[in-house]
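Reviewing the structure listed below.
The values are calculated or read from the model by the stated rules, or taken from the named source; none is laboratory data. Quick caveat: nothing in here was measured; it's all calculated off a predicted structure. So basically every Cβ, Gly included, is an ideal-geometry build from the backbone, and we count neighbours across all protein chains shown. Each accessible area value is taken on the protein alone, full model and side chains, heavy atoms only, with ligands, DNA and RNA left out. Shrake-Rupley method; radii C 1.70, N 1.55, O 1.52, S 1.80 Å.
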Amino acid sequence: MSSRGRPDSRAPDAGRPQPASGSAHAPTPRSRWQLPNLGLGLGLRPEHVHDILDTQPDVGWFEVITENVLHHEGWFRSAVDAVRERYPVVLHGVSLSIGSSDPLPLAYLRAVKTLADELEVAWVSDHVCWTGVGGRNSHDLLPVPYDERSLRWIVDRVRQVQEILERPIMLENPSSYLGFTGSTLTEWDFHARLAREADCGLLLDVNNVFVSSVNHGFDPGAWLAAVPWDRVAHLHVAGHSDLGTHLLDTHIGPVCDAVWQLLGRALQAGGPRPVMLEWDDEIPAFAEVWQEAQRAQAALDAVDSWSGRSTMDHVSQRDIGSKGPPLSRGRDRQGADQTQAELAQAQTWLFDLVSGQPNADTRRIASEVTPTRRLTAAERVDIYRDMIRVRFLEAMELDFVAVQRALGEERFAALVARYLRQHPSQHWALEQLGAAFPGWLRSQADEGVDPAWIADAATLEWALVRAGWPPEQPVFDTAALAAVPPESQGQIRLQAAATTELWDVSTPAFDAVARAWGHAAADTPAASGSPAPSTATHGDVGNAVTALVYRDGWQVKLRALPATEAAVLRPLVAGASLAAALEAAAAAHDIDVIIASLGSWTQRWARERVLTGLASRPATRTA
């Protein structure tokens with residue numbers, strides 16, 4: 001799944017050096033699309049960006065989690081652009097939800113296409129799964145039944161997706177922790193038929209094959225024997241966790257020997273093709289990940305080189321979706337509607353279970369889900385429920401550090417669970433999970449949410465999170481002000497940065513957020529798509545604070561404004577003219593003090609990118 005983190009605030013090198021040596025690649029042997037054989041790849045993680053840009057390791061390519069750059073254009077998007085100047089990049093998504101009965105996420109797909117075009121990616125991938133139903137999102141890779149009905153449904157949707165993306169998509173086999181009594185196909189036959197009938201590619205995750213083989217009790221060799229190798233774009237390897245009763249695809253730690261051996265068998269069967277190492281949690285220094293990646297390189301080196309080009313014809317964009325059976329819109333509409341309704345009913349039932357809905361129907365579990373020697377059917381459902389609960393809680397803890405510290409872990413977890421029952425995630429971006437949390441907390445004021453300033457703290461923390469999303473803001477050249485005639489200066493309107501926000505909060509809330517985020521920035525490796533603020537300064541204020549949230553370069557900052565400065569800046573940020581802002585401030589503050597301070601305030605607002613320029617330019621002097 002997606003790696004959410006707060007990258008540190010150092011801006012990446014924006015230069016444009018030559019690509020790393022060996023960037024020209026022959027096509028992957030027996031490839032349906034003659035995709036380039038990029039060799040060894042790594043997952044691009046925020047923690048490693050500076051090491052990668054500084055050392056330029058001899059790696060063939062990087063895989064980027066689509067959602068980490070699709071939702072916002074902050075520090076990490078800039079870092080991806082810098083890496084893209086040196087290496088090929090591939091997009092790997094977790095939100096397509098190709099197996100869902102919900103309509104295809106068209107806005108999401110169009111955004112993915114735009115991003116893929118901008119980054120000139122080698123290919124795009126996602127997973128054979130569903131993530132939500134009825135507009136609710138689990139942010140997990142939920143399993144599909146391996147039967148003809150699911151296959152027909154997904155085939156039609158894949159071909160529509162490829163028409164929108166105007167490129168083939170590579171779909172990964174996910175790890176799974178429960179099976180369905182109604183499945184009539186093997187996992188490997190389902191994926192092989194999907195690739196052929198939808199005319200799409202496969203991303204073969206070797207670790208997932210191994211994890212699922214243990215969890216479901218099948219021979220991983222049977223999976224490899226069924227692989228249509230002309231459809232395989234690349235392979236994944238990763239670490240997993242052994243929990244005794246089952247394996248969990250955590251992407252933590254080194255890859256085990258059994259998975260390395262399975263990778264060797266896969267490469268022998270399919271020939272050399274790109275291999276990518278994933279390490280998404282408990283992420284170590286880049287040097288350790290790089291050392292582990294050498295085992296993947298050794299596996300590639302052990303495979304004899306295949307000569308010659310693919311015997312398959314190259315596919316053009318206009319050919320995508322032209323092979324195989326007609327799309328669902330050409331089939332019997334009544335039959336397609338019935339399939340959708342049946343899938344929606346089954347998925348709603350399972351979603352209610354794994355999302356912890358109190359009224360979920362547990363009676364059907366024994367008849368719908370297969371048990372194993374070590375786990376009952378209900379315990380297999382609980383694996384997904386626990387993963388989703390932990391993922392949501394960790395996301396909220398990351399964004400609401402001060403609130404969590406004030407309430408304590410147990411109480412915060414209970415509050416988050418109640419919040420999510422009333423406000424289930426409805427956005428593909430996990431980063432949006434807490435959007436309604438501050439307002440919801442205010443509505444809970446009479447239900448024991450104490451202390452009273454908790455909602456203020458949440459409001460301020462969410463503003464800090466949001467400040468990391470916009471692209472780099474321009475620097476305000478204050479010399480432009482000098483070109484405005486004195487008689488016209490009152491008409492000046494100044495442009496606030498997209499990252500600038502002012503909030504009136506209680507002093508305890510401000511102090512709690514300042515301490516919490518300052519501590520996080522100092523002691524915790526940056527791990528999200530928005531840098532944590534490293535400075536929080538407190539002005540001379542009383543019981544209420546006007547908090548200024550802004551971003552100086554890539555560094556999100558927080559400071560409390562003196563009342564007079566806040567009285568001028570607030571209307572300017574809202575779009576008022578300079579004259580109107582001064583008039584409003586003078587109603588409550590000494591105009592002589594304001595005029596004496598205005599020049600230094602303006603210089604600081606420009607220097608710190610609180611303001612970024614003139615929103616409207618009055619007539620200037622002429623010679």
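Observations on the model:
- Rounded to 10°, Cα long-axis angle of helix 409-422 versus longest principal axis of the chain: 80 degrees
- Accessible area per residue (1.4 Å probe, heavy atoms of protein chains only) ranks D382, D301 as D301, D382, with the largest value leading.
- A cut-off of 5 Å between modelled amide H atoms, ignoring neighbours fewer than 5 places along the same chain, links L247 with N215.
- With respect to the chain, whose longest principal axis is taken over its alpha-carbon atoms, helix 591-607 is tilted by about 30°.
- Exposure of V83 as accessible area (Å², to 10), given a probe of 1.4 Å and all protein chains: 0 Å²
- Taking the DSSP beta bridges with both ends in the chain, the antiparallel portion is around 45 percent.
- Length-normalised contact order of the chain in % [C-alpha pairs under 8 Å, at least 6 apart]: 16 percent
- The simple Förster model, with R0 at 30 Å and r as the Cβ-Cβ distance, assigns D219 and R364 a FRET efficiency of 0.50.
- Amide H contacts under 5 Å for G179, placed H, 5+ residues apart: T370
- The label point for A615 and the one for S597, both projected 7 Å from the Cα toward the Cβ, are 2.1 nm apart.
- Efficiency of FRET from Cβ geometry, R411 and Q357, R₀ 25 Å, rounded to 0.05: 0.70
- Using θ = phi - 60° and Karplus 6.51 cos²θ - 1.76 cosθ + 1.60, couplings along the range 171-177 (whole Hz; Gly, Pro as x): 10, 8, 6, x, 5, 9, 10
- Between the listed residues W223, W260, V209, the Cα displaced farthest toward the positive end of the dipole of the range 205-281, a dipole computed from Cβ unit charges relative to the Cα centre, is found at W223.
- Extreme residue, positive dipole direction of the range 406-522, given options A455, A514, A479 (C-beta unit charges): A455
- Rounded tilt (10° steps) of 507-523 against the dominant C-alpha axis of the chain: 50 degrees
- Sequentially through the range 553-569, phi angles give Karplus couplings (6.51, -1.76, 1.60; θ = phi - 60°) of x, 9, 9, 6, 10, 9, 8, 8, 8, x, 4, 5, 4, 4, 5, 8, 5 Hz, Gly and Pro residues having no value and appearing as x.
- Note that the range 358-375 has calculated 3J(HN,Hα) couplings of x, 9, 5, 7, 7, 5, 7, 4, 4, 8, 9, 10, 7, x, 10, 4, 9, 9 Hz, one per residue in order, obtained from phi through the Karplus relation 6.51 cos²θ - 1.76 cosθ + 1.60 (θ = phi - 60°); glycine and proline are x.
- The accessible surface of the range 136-239, taken with every protein chain in place and a 1.4 Å probe, is 52 percent carbon and sulfur.
- Ordered from largest to smallest accessible area (heavy atoms of protein chains, 1.4 Å probe), the residues D205, D361 come out as D361, D205.
- Rolling a 1.4 Å probe over the protein heavy atoms leaves W260 with an accessible area of roughly 20 Å².
- Listed options for semi-axes √(5λ) of the Cα gyration tensor in Å are (i) 57, 28, 22; (ii) 47, 30, 23; (iii) 37, 33, 24. The value calculated from this structure is the one marked (ii).
- Between Q340 and S241, full extension at 0.36 nm per residue minus the direct alpha carbon distance yields a gain of 32.1 nm.
- Cα centroid separation, the range 228-297 to the range 47-78 (Å): 19 Å
- Counting only GluC sites (Glu not before Pro) that DSSP places in a loop and that have at most 12 other Cβ atoms within 10 Å, the longest clean stretch of the chain runs over 283-623.
- Taking amide hydrogens as placed 1.01 Å from N in the peptide plane, the amide H of W279 sits under 5 Å from those of G43, each at least 5 positions away in sequence or on another chain.
- Set of the range 55-73 residues, backbone N closer than 11 Å to the point 7 Å along the Cα-Cβ line of A285: none
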